[in-house]
Amino acid sequence: MSISTEEKDRYLRETAIVLAREGFQTGKTDTGKLRVLLDGAPLCEVTENGGITYRNEDINEPERVAAKDMVYEIVRNTAEYMRQMETAPFLKADGLEDGYKVLADFNGTVLAGVQSKHGVHFVTWDWAYGHTGVCHGHYFMENYAGAKQDFAIRSGLIQKEQLFTPEQMTEIYRCCADSVDGDFFELTGEQEKMIRSVQQQIEECVPDLDERIRQQEDALEQIAQEQTM
């Protein structure tokens, strides 16, 4: 689907802001795409339709492949909410400043976004006063994923008890590792395959999993040292 020049510029500008937060450098190409650089070297280019293009020679190391994949996820998510921002109606509520747009509305809860010089910011509210006002705002700044999850929980689309926190998932991951890598249990091939898939799913859900595990191991080591003193 084609988009106007203004929509394209807004999307690429927002994408550049989000990428900069994650440490990437950006610049415009001669063809109007967004060039993405990692450590000053070309990595990939962002297209106007929410995709990326890249050259194999620019992702010739595992770290650069991972960075390219990270850029793609950022680009995909940014394209998702920017499409919404372009077509969503403005949120009308007493006492609310102008500019907020309704990205989702269900069961008395609204997810809204507003454009700022630092990028789009997100918030969830409960409708009040017969849909003439909003209350109980949860402000997520640029955290789109967090705002979507909060909206889903507040509106009743999913139950909070169905979700695990990053801390809980880290502990589950560690227990899975003990199960498949240790000699504590006799596992069938199917059981081991299932546990490995759980680990992979957690790795995708918790980007800083390695750091969390390291901190957890350091804390356990410190406790053990204190107990032996």
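Some points to look at:
- Top-ranked residue in segment 127-145 [being assigned to a strand (DSSP E or B) and in contact (Cβ under 8 Å) with a residue 40 or more places away in the chain; ranked as surrounded by the most Cβ atoms within 10 Å (Cβ to Cβ)]: VAL134
- Among residues of segment 53-75 being in contact (Cβ under 8 Å) with a residue 40 or more places away in the chain and among the β-branched types (Val, Ile, Thr), the one that is farthest from THR31 (Cα to Cα) is ILE74.
- When THR124 is tested against (1) assigned to a helix (DSSP H, G or I); (2) touching a Ser or Thr at 6+ places or on another chain (Cβ under 9 Å), just one condition goes unmet, and that condition is (1).
- All positions within segment 180-229 that are among the acidic types (Asp, Glu), under 29 Å from ALA67 (Cβ atoms) and surrounded by 13 or more Cβ atoms within 10 Å (Cβ to Cβ): GLU203
- When segment 49-95 is filtered for residues that are farther than 24 Å from ASP105 by Cα, surrounded by 17 or more Cβ atoms within 10 Å (Cβ to Cβ) and over 20 Å from the mean Cα position of the chain (by Cα), the ones remaining, listed by number, are TYR54, ASP58, ILE59.
- For GLU73: the one exception among (1) in contact with a helix residue (DSSP H, G or I) (Cβ under 6 Å, 6 or more places away or on another chain); (2) within 27 Å of GLY146 (Cα to Cα): (1)
- In segment 22-48, residue nearest to the chain's Cα centre (by Cα) [restricted to those that are surrounded by 12 or more Cβ atoms within 10 Å (Cβ to Cβ) and in contact (Cβ under 8 Å) with a residue 24 or more places away in the chain]: PHE24
- Index of the failed condition, THR78 passing every other in (1) touching a residue at least 24 places away in the same chain (Cβ under 8 Å); (2) polar (S, T, N, Q); (3) outside the structural domain of LEU12 (by TED's automatic domain parsing); (4) within 26 Å of GLY51 (Cβ to Cβ): (3)
The values are calculated or read from the model by the stated rules, or taken from the named source; none is laboratory data. Since we're looking at a predicted model, the values are computed, not measured. As a convention, Cβ positions derive from the backbone with ideal geometry for all residues, glycine included, and neighbour counts pool all protein chains shown.
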